[in-house]
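> Here you go, one structure.
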Amino acid sequence: MQPLVSAGWLLEHLNDPDLRIADVRFSLADPLAGRMAYLEAHIPGALYLDLETDLSGPVREDRKGGRHPLPDPQVLAATLSEAGIGDEHLVVAYDENGMFAPRLWWLLRWLGHERVAVLDGGIKAFVEVGGTLTAERPRHPRATLTPRPRMDWVKSAEEVAARGPGTVLIDSRAPERYRGELEPIDPVAGHIPGAINRNWADNLGPDGKFISPQAIRERFAEALDRELILYCGSGVSAAANLLALEVAGIKGAKLYAGSWSDWVSDPSRPVATGEEA
C-alpha cells in the first residue's frame, strides 16, 4: 500500500465498497474547529475522527504520556470498528494542512492495519480536481478491526534517554520551538539534548502536497541508514515526518509518542536550547 493517494484517484474511487474516508481536520488552538468544519462540508462518504476524543488516550493529571497519549490499542480498535472501519477496508485520511491525517495513518499501521493512506494535498486538492463537498453524514455499518499492535514501534522517555550514540533523534517541531525561542503550548521551552530539527511542514510544497521522495531523502540525509527516533510536541506532527520518511522509502523509524510534552513532565530530565553542534 502506497502511503499517499492523489485527489484524482480518490475522486475516481469514491464509490468503492471497501473504501472508508476519514476527515481528521483539527486545530490545537480550537479543538472544535475541525468537527464544525466537517459538519459544514466534507468529502462525500467521509466520517469524522477527532484527534483528542478518538485518536488519543486520556491525558493524565501529572502530564506523563504527553498532551495526546497513544490510545489503548483495544479501545482504538473498538472506536474505529464502531465508526465502520474494518479489516477489509482501505482507509484514506485527510485534513487541511497535512499535520493531522498522518496521525491516523500511523495509528492504523501501528494497530497492524496496512491498508491506509493519506490524501496528498488534503481537502483543498480534492476540490481543485473537481470534487464536490457535502454536509450529508454517512451511515457506515459497524465493522470489525482486529488489533495487532506493534508495540516495538514506540519508544519511551527512558529509551530515548538511554539511546545509543548511533541513534538519530529528530525533533519535528518548528525551528523556533526547537531552539526554545517560543513555546506556545508546553510549560518548558527547548528540546531534548542531542536532537536535530526537521520541521514536519518542510516536507510539503506551496500547494500543500508532499515534495519529491528525493527531496525528502536530502532533508534527512544524515539520518539515512541510522536508527531513527522521532518526536514533536505531543506525538502528532512527528507522524507527519514518519509519513514523509515512508514516502521517501526510509523505513523503521520509531516514535517517541509522548514527545516533548511528556519529556518535560519530569523536571529532572535535561533540556537544551539553541542549535545543536
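> Please go through the stretch 149-185 and give me each residue that is part of a loop (DSSP other than H, G, I, E, B), within 19 Å of the chain's Cα centre (by Cα) and of a type outside the set (S, T, N, Q), ordered by number. Spell out the reasoning first.
Step one: of the stretch 149-185, the residues part of a loop (DSSP other than H, G, I, E, B) are 149-150, 156, 162-166, 172-174, 179-185.
Now drop any that are not within 19 Å of the chain's Cα centre (by Cα), which leaves 149-150, 156, 172-174, 185.
Those that are part of a loop (DSSP other than H, G, I, E, B), within 19 Å of the chain's Cα centre (by Cα) and of a type outside the set (S, T, N, Q): 149, 150, 173, 174, 185.
> Okay, moving on. Only one of (1) exposed (fewer than 14 other Cβ atoms within 10 Å of the Cβ); (2) in contact (Cβ under 8 Å) with a residue 60 or more places away in the chain; (3) more than 19 Å from the chain's Cα centre (by Cα) fails for residue 145. Which number is that?
With respect to (1) exposed (fewer than 14 other Cβ atoms within 10 Å of the Cβ); (2) in contact (Cβ under 8 Å) with a residue 60 or more places away in the chain; (3) more than 19 Å from the chain's Cα centre (by Cα), residue 145 is out only on (1).
> I've got another one for you. What's the total number of residues in the stretch 8-58 that are aliphatic (A, V, I, L, M) and farther than 20 Å from residue 106 by Cα? Can you show your working first?
Taking the stretch 8-58 as the starting set, the residues that turn out to be aliphatic (A, V, I, L, M) are 10-11, 14, 19, 21-22, 24, 28-29, 32-33, 36-37, 39, 41, 43, 46-47, 49, 51, 55.
Okay, now just the ones that are also farther than 20 Å from residue 106 by Cα, so 11, 14, 29, 32-33, 36-37, 39, 41, 43.
Final tally of qualifying residues: 10.
> So is residue 138 closer than 30 Å to residue 41 by Cβ and modelled with pLDDT of 95 or more or not? Break it down into steps so the answer makes sense when it comes.
Values: closer than 30 Å to residue 41 by Cβ: yes; modelled with pLDDT of 95 or more: yes.
For residue 138, the condition - closer than 30 Å to residue 41 by Cβ and modelled with pLDDT of 95 or more - is met.
> Another question, then. What do you reckon, is residue 271 β-branched (Val, Ile, Thr) and over 20 Å from the mean Cα position of the chain (by Cα)? Before you say what the answer is, go through the steps one by one.
On the way: β-branched (Val, Ile, Thr): yes; over 20 Å from the mean Cα position of the chain (by Cα): yes.
Taking the combined requirement at face value, the residue satisfies it.
> Now for a different question. Within the stretch 22-47, count every residue that is in contact (Cβ under 8 Å) with a residue 60 or more places away in the chain and under 16 Å from the mean Cα position of the chain (by Cα).
So the count comes out to 7.
> Would you confirm whether or not the stretch 212-221 contains a residue that is crowded, with 20+ Cβ neighbours inside 10 Å and hydroxyl-bearing (Ser, Thr, Tyr)? Write out each step before concluding.
Start the filter on the stretch 212-221 by keeping residues that are crowded, with 20+ Cβ neighbours inside 10 Å, which leaves 216, 220.
Keeping just the survivors that are hydroxyl-bearing (Ser, Thr, Tyr) gives none.
Scanning the stretch 212-221 turns up no residue that is crowded, with 20+ Cβ neighbours inside 10 Å and hydroxyl-bearing (Ser, Thr, Tyr).
> Count, please, the residues in the stretch 118-148 that happen to be more than 26 Å from residue 201 (Cα to Cα), hydrophobic (A, V, I, L, M, F, W, C) and not in a loop (DSSP other than H, G, I, E, B).
Residues that pass the stated criteria total 0.
> Right, here's the next one. May I ask you to list the residues in the stretch 209-227 that are of a type in the set (Lys, Arg), touching a Leu at 6+ places or on another chain (Cβ under 9 Å) and either outside any loop (DSSP other than H, G, I, E, B) or at positive phi (or both)? It would help to see each step written out before you state the result.
If we filter the stretch 209-227 for residues that are of a type in the set (Lys, Arg), which is where we start, we get 209, 217, 219, 226.
Keeping just the survivors that are touching a Leu at 6+ places or on another chain (Cβ under 9 Å) gives 209, 217.
Listed by number, the list holds a single entry, 217.
> Right, something else. Limited to the stretch 29-51, what total is found for residues that are at pLDDT 95 or above and not in a helix (DSSP H, G or I)?
Of the stretch 29-51, the ones at pLDDT 95 or above are 30-51.
Filter once more, keeping what is not in a helix (DSSP H, G or I): 30-32, 41-51.
Matching residues across the stretch 29-51 total 14.
> Return the pairs, sorted by first residue and then second, in which the second residue is of a type outside the set (A, V, I, L, M, F, W, C) and part of a strand (DSSP E or B), the first residue lies in the stretch 161-175 and is in the same structural domain as residue 195 (by TED's automatic domain parsing), the beta carbons are less than 6 Å apart, and the residues are 6+ apart or on different chains.
Partner pairs satisfying both residue conditions: 167/227; 171/191; 171/197; 175/197.
> Sticking with this structure for a sec: Can you report the number of residues in the stretch 148-175 which are at pLDDT below 95 and either surrounded by 12 or more Cβ atoms within 10 Å (Cβ to Cβ) or touching a Lys or Arg at 6+ places or on another chain (Cβ under 8 Å) (or both)?
1
> Of (1) in a strand (DSSP E or B); (2) in contact with a Gly (Cβ under 7 Å, 6 or more places away or on another chain); (3) not basic (Lys, Arg), residue 230 satisfies all except one. Which?
Residue 230 satisfies all of (1) in a strand (DSSP E or B); (2) in contact with a Gly (Cβ under 7 Å, 6 or more places away or on another chain); (3) not basic (Lys, Arg) except (2).
> Tally up the residues in the stretch 56-69 that are in contact with a Leu (Cβ under 8 Å, 6 or more places away or on another chain) and surrounded by fewer than 20 Cβ atoms within 10 Å (Cβ to Cβ), please. Break it down into steps so the answer makes sense when it comes.
Step one: of the stretch 56-69, the residues in contact with a Leu (Cβ under 8 Å, 6 or more places away or on another chain) are 56-57, 68.
Still in the list and also surrounded by fewer than 20 Cβ atoms within 10 Å (Cβ to Cβ): 57.
Residues flagged as in contact with a Leu (Cβ under 8 Å, 6 or more places away or on another chain) and surrounded by fewer than 20 Cβ atoms within 10 Å (Cβ to Cβ) within the stretch 56-69 amount to 1.
> Among the residues of the stretch 82-102, write down those that are in a loop (DSSP other than H, G, I, E, B), over 18 Å from the mean Cα position of the chain (by Cα) and among the acidic types (Asp, Glu).
Correct list: 87, 88.
> In this structure, does residue 75 turn out to be surrounded by fewer than 15 Cβ atoms within 10 Å (Cβ to Cβ), without any contact (Cβ under 8 Å) to a residue 24 or more places away in the chain and not polar (S, T, N, Q)? Working first, answer last.
Details: surrounded by fewer than 15 Cβ atoms within 10 Å (Cβ to Cβ): yes; without any contact (Cβ under 8 Å) to a residue 24 or more places away in the chain: yes; not polar (S, T, N, Q): yes.
Judged against the criteria, residue 75 is a match.
The values are calculated or read from the model by the stated rules, or taken from the named source; none is laboratory data. All figures in this text were calculated on a predicted structure; none of them were measured in a lab. Cβ: placed from backbone, ideal geometry, glycine included. Neighbour counts: every protein chain shown.
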